[in-house]
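What follows is a short report on a single structure.
The values are calculated or read from the model by the stated rules, or taken from the named source; none is laboratory data. Fair warning: this is a prediction, and the values are worked out from it, not measured in the lab. Cβ sites come from the backbone with ideal geometry, for glycine too, and all protein chains shown count toward neighbours.
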Amino acid sequence: MPNQPEFGQALPEPGVPAIRNVNWGGLRTLYIKEVRRFFKVQLQTVWAPSVTTLLYLVIFTVALGGGGRSVMGVPFAAFIAPGLIMMGMLQNAFANASFSLLSGKLQGTIVDYLMPPLSTGELLAGLAGGAVTRAVCVGCAVWLAMALWGVDVFPRHPLAILWFGLLGALFLAFLGLMTSLWAEKFDHAAAVTNFVVAPLSLLSGTFYSVESLSPLFRTISHLNPFFYIISGFRYGFLKEADSPVLLGGAILLALDIVLGLACYLLIKRGWRIKS
């Protein structure tokens, strides 16, 4: 193997890395492990969220969108569909990332993440990649369910869908990793889900246009990072948004960079995962 000492050569000194470049084999193995972990129970991790999200669509369409109601010039069902797809992706990205290291800490298998010859960046990339993959699978499943239901979810701006979909899922993946580092039991992760992720996603303009709110609540909505994710993702389907798309994309990229660096530094220090 490249970068490995051949037979008869002296082993490197302690602390000197034998793999001096990216350990692609180890990174690929970690990523596949994370994907297989949620895919073994895909009925619960992929298809159940799509059914739940479709029920949201049916209930809110009947309760609030009856009588041909339209928002931003489109039918109410078509307006809330992109937000529901993105909301399902965000919640599942967070759930996947917040489970990985936390389960290792509680079950005593955290050594499986710390002992392999993976750098901090490779460990972070593998864990975040698995969470984003689950989010994409859930998003595709929800999109398919809504399309079969007859909702107009035709992608009109694929680049916006990819940008806000992937970066939004990555944002929640980093947030989930920080939660798994901080949490000491599953109740802590559930508390972040119930009191941070769920409220911010529900109050992000998924079911309404923030332009219909009072100036105070409109300003508060613009301080919610989920708002820019939902608004930009909706633009990819409707070419209509509640906020400047370029500004939202830049804010989301900046947040991902900040959270990614924070996760990198915390993992590198071994915060709450190393004695």
Cβ pairs under 6 Å, 6+ apart, first in the range 263-275 and surrounded by 12 or more Cβ atoms within 10 Å (Cβ to Cβ), second part of a loop (DSSP other than H, G, I, E, B): Ile273/Ile110
Looking at the structure I just gave you, is Pro82 surrounded by fewer than 18 Cβ atoms within 10 Å (Cβ to Cβ) and touching a Gly at 6+ places or on another chain (Cβ under 8 Å)? no
Would you say Ile161 is surrounded by fewer than 23 Cβ atoms within 10 Å (Cβ to Cβ), within 21 Å of Ala241 (Cβ to Cβ) and not basic (Lys, Arg)? yes
Tell me yes or no: at least one residue of the range 124-142 is farther than 26 Å from Ala48 by Cα, among the basic types (Lys, Arg) and part of a helix (DSSP H, G or I). no
Considering only helices (runs of 4 or more DSSP H) fully contained in the range 47-118, which possess at least 3 residues that are within 21 Å of Val196 (Cβ to Cβ)? 48-64, 76-107
Looking at (1) surrounded by fewer than 20 Cβ atoms within 10 Å (Cβ to Cβ); (2) in a helix (DSSP H, G or I); (3) modelled with pLDDT of 90 or more; (4) not basic (Lys, Arg), which is the one condition that is false for Glu184? (2)
Please specify each residue of the range 201-224 satisfying the condition of being within 27 Å of Leu101 (Cβ to Cβ) and surrounded by 18 or more Cβ atoms within 10 Å (Cβ to Cβ). Ser201, Ser204
Considering the range 115-151 alone, what residues qualify as being out of contact with any Leu (no Cβ under 8 Å at 6 or more places or on another chain) and of a type outside the set (Gly, Ala, Ser)? Met115, Pro117, Thr120, Thr133, Arg134, Cys137, Val138, Cys140, Trp143, Leu144, Leu148
Reported set for the range 190-230 where residues are more than 15 Å from the chain's Cα centre (by Cα), small (Gly, Ala, Ser) and either closer than 21 Å to Phe174 by Cβ or at pLDDT 95 or above (or both) is Ala190, Ala191, Ser204
